[in-house]
Each structure stands twice: as structure tokens, then as C-alpha cells.
Amino acid sequence: MPKRTRLNKKGSVVRKSRMKAVGTIDVTPTWQGILPTLVALIERGDYKGKKAAVSELNKVAKLADEVIMLKKQGKLKELKVKV
């Protein structure tokens, strides 16, 4: 049985795309990966760069404190890093 050709409203042939849908690629940096940049900003950055770096380090410090608290409360079973 021959394939049927689909036409749009203008009479042009509608071709099926051979491209497949692509999922989202997560390029979020890890804290270990971004740390050298933050240190460089603190050591050699301008005021705005230093302020941004300190702000990011404060975020990770708060997160680390929360993880330690959850570990002490027994809500986290295991951590890969010893605290």
C-alpha cells in the first residue's frame, strides 16, 4: 500500500520531521566546580564580584548547616562526605 502524501491548506506537501525531540540538558555547575571561580572573585574581583561570591558562599553555608541539622535529627540516612 503506497504512503499517502499529506498536504497543507495551501496544497504544499507536509513532510514529517526526522528530528527527534531533545530533552533538557542540565548544565548547573556543582559547588566544587564553581568554588575556584568564587575564590578568584573574592581574591581579584571588583566590589560587585566579591559581593556576589560572598553571597553564593553564604548560600552554600546555610545549605551545609541544614544538611548537618537533618543528619543529627536522623532525617538523612547517609552522606557521602563526612561532617
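Every number in this text was worked out from the coordinates using simple rules, so none of it is lab data. Source: prediction; values computed, not measured. Here Cβ is always computed from backbone atoms with ideal geometry, including for glycine, and neighbour counts include all displayed protein chains.
Give me the net charge for the shell around K71: Cβ to Cβ below 14 angstrom, other residues only, Lys and Arg +1, Asp and Glu -1. Before the final figure, lay out the partial values.
Numbers: positive: K72, K75, K77, K80, K82; negative: D65, E66, E78.
That sum, taken over residues with Cβ under 14 Å, equals +2.
Using only alpha carbons, build the gyration tensor for the range 32-72 and give me the equivalent ellipsoid semi-axes, biggest first, whole Å.
Gyration-tensor ellipsoid for the range 32-72: 25, 10, 5 Å.
Over the Cα atoms, compute the radius of gyration (one decimal) and Dmax (the largest Cα-Cα distance, rounded to a whole number) for the chain, in Å.
25.8, 72
Enter the angle in degrees (range 0 to 90, nearest 10) between the Cα long axis of helix 47-72 and the first principal axis of the Cα atoms of the chain, meaning the one along which they spread out most.
That works out to roughly 80 degrees.
Could you work out the relative contact order of the chain, using alpha carbon pairs under 8 angstrom and six or more residues apart, expressed as a whole percent?
Details: 27 pairs, mean separation 10.7, N = 83.
Answer for the chain is 13 percent.
How do V27, V54, V13 rank when sorted from fewest to most other Cβ atoms within 10 Å of their own Cβ?
On the way: V27 5, V54 13, V13 8.
Result, fewest neighbours first: V27, V13, V54.
Multiply the residue gap between M69 and V27 by 0.36 nm, knock off their C-alpha separation, and tell me the result in nm, one decimal place.
Taking M69 through V27 to full extension adds about 12.3 nm, to one decimal.
In the chain, with Lys and Arg counted as +1 and Asp and Glu as -1 at Cβ, which of these residues, G45, L7, W31, has the Cα nearest the positive end of the dipole, that is, farthest along it?
Final value for the positive-end residue is L7.
Please give, to one decimal in nm, the separation of the simple spin-label points placed at T5 and L57, each 7 Å out from Cα toward the Cβ.
If labels sit at T5 and L57, their model points lie 6.8 nm apart.
If we count every other residue with Cβ under 14 angstrom of P36's Cβ, Lys/Arg +1 and Asp/Glu -1, where does the sum land? Write down the numbers at each step before the final one.
Working: positive: R44; negative: E43, E56.
Taking every other residue near P36 into account, the sum is -1.
For every helix of n ≥ 4 consecutive DSSP H residues, a contribution of -39,500 (n - 2.57) applies; sum these over the chain, divide by its total residues, and give [θ] at 222 nm rounded to the nearest 500 deg cm²/dmol. Spell out each step's value before the answer.
On the way: 2 runs with 40 residues, N = 83.
The helix-only estimate for the chain comes to -16500 deg cm²/dmol at 222 nm.
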